[in-house]
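The values are calculated or read from the model by the stated rules, or taken from the named source; none is laboratory data. Because the structure is predicted, anything quoted here is derived from the model rather than measured. In this analysis, Cβ positions are derived from the backbone assuming ideal geometry, glycine residues included, and neighbour counts consider all displayed protein chains. For accessibility, only protein heavy atoms count, side chains too; no ligands or nucleic acids. Shrake-Rupley method; radii C 1.70, N 1.55, O 1.52, S 1.80 Å.
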Amino acid sequence: MDMKKRIHLELRNRTPSDVKELVLDNCRSNEGKIEGLTDEFEELEFLSTINVGLTTVAHMPKLKKLKKLELSDNRISGGLEVLADKCPNLTHLNLSGNKIKDLSTIGPLKELGSLKSLDLFNCEVTNLNEYRDNVFKLLPQLTYLDGYDKDDKEAPDSDAEVYAEGLEDEEEDEDDEEEYDDDAPPGDEEDEEGDDDEEENEEEEEEDLSGEEEEEEDLNDKEVDDEDDEEEERGQKRKRELDEEGEEDEDD
């Protein structure tokens with residue numbers, strides 16, 4: 001895909017000054033230029049241009065807030081001195097897979113005082129004797145080289161974790177704001193508790209009514225039973241009277 005078209009798609013109706021992260025991997029650069037990338041991307045913090053055919057970074061715009069720059073798998077062989085002026089606040093730089101052959105090529109990077117992580121995997125310079133020791137001497141501000149510090153301790157994230165942590169902090173802040181917005185305003189919880197109490201009282205009243213209805217039914221049943229007993233007793237009494245009358249008639 002054409003670089004300029006890709007940048008247009010990445011904008012997604014945003015203005016360049018709204019963009020903090022831009023990924024242009026595998027696009028086609030025009031004679032080593034990143035067409036469409038301008039000084040207007042003043043808030044850009046992360047730029048990835050992996051395998052886009054770059055031969056130089058001389059045409060990069062000024063990106064003063066850029067912290068992480070991915071330039072791996074290109075054809076860059078020098079000209080890194082411009083980075084100190086164009087991207088003075090870089091903390092992570094990946095130049096893996098480029099045509100960097102000697103230490104003098106990366107010497108200008110010492111002007112990047114904030115640079116903490118540098119990757120040079122698959123560059124010829126890594127084949128030099130005492131490569132790591134010499135790079136740390138040349139660039140004393142570095143903490144990690146190819147993902148490891150001076151004591152061969154692996155970086156927490158070999159892909160420049162500081163930038164990622166910055167983005168995570170921003171996301172956490174946004175999440176906190178969303179949680180705050182979702183919280184019920186003061187008083188709502190009390191209202192909910194009041195509603196719960198009312199529901200409980202209604203349930204208790206229903207239970208009481210049910211109990212009363214059952215008692216009334218029991219009383220009604222008892223009254224019916226009593227009436228049945230009285231009627232039976234009257235029937236037996238009447239029968240005895242008839243029997244007595246029959247006996248008197250026989251005697252006569």
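Checking each residue in the range 48-90 for being in a loop (DSSP other than H, G, I, E, B), touching a strand residue (DSSP E or B) at 6+ places or on another chain (Cβ under 6 Å) and among the small types (G, A, S) picks out only S72. Only residues that are in contact with a Phe, Trp or Tyr (Cβ under 9 Å, 6 or more places away or on another chain), modelled with pLDDT under 95 and crowded, with 17+ Cβ neighbours inside 10 Å were counted across the range 144-164, and they come to 3. Of all residues in the range 112-141, those satisfying the criterion of being part of a loop (DSSP other than H, G, I, E, B) and without any contact (Cβ under 8 Å) to a residue 24 or more places away in the chain are N129, E130. Criterion first (in contact with a helix residue (DSSP H, G or I) (Cβ under 9 Å, 6 or more places away or on another chain) and assigned to a helix (DSSP H, G or I)) does L109 satisfy it? Answer is yes for this residue.
Does V82 satisfy the condition of being open to solvent by less than 20 Å² (accessible area, probe 1.4 Å) and either farther than 25 Å from P156 by Cβ or acidic (D, E) (or both)? It is false that V82 is open to solvent by less than 20 Å² (accessible area, probe 1.4 Å) and either farther than 25 Å from P156 by Cβ or acidic (D, E) (or both).
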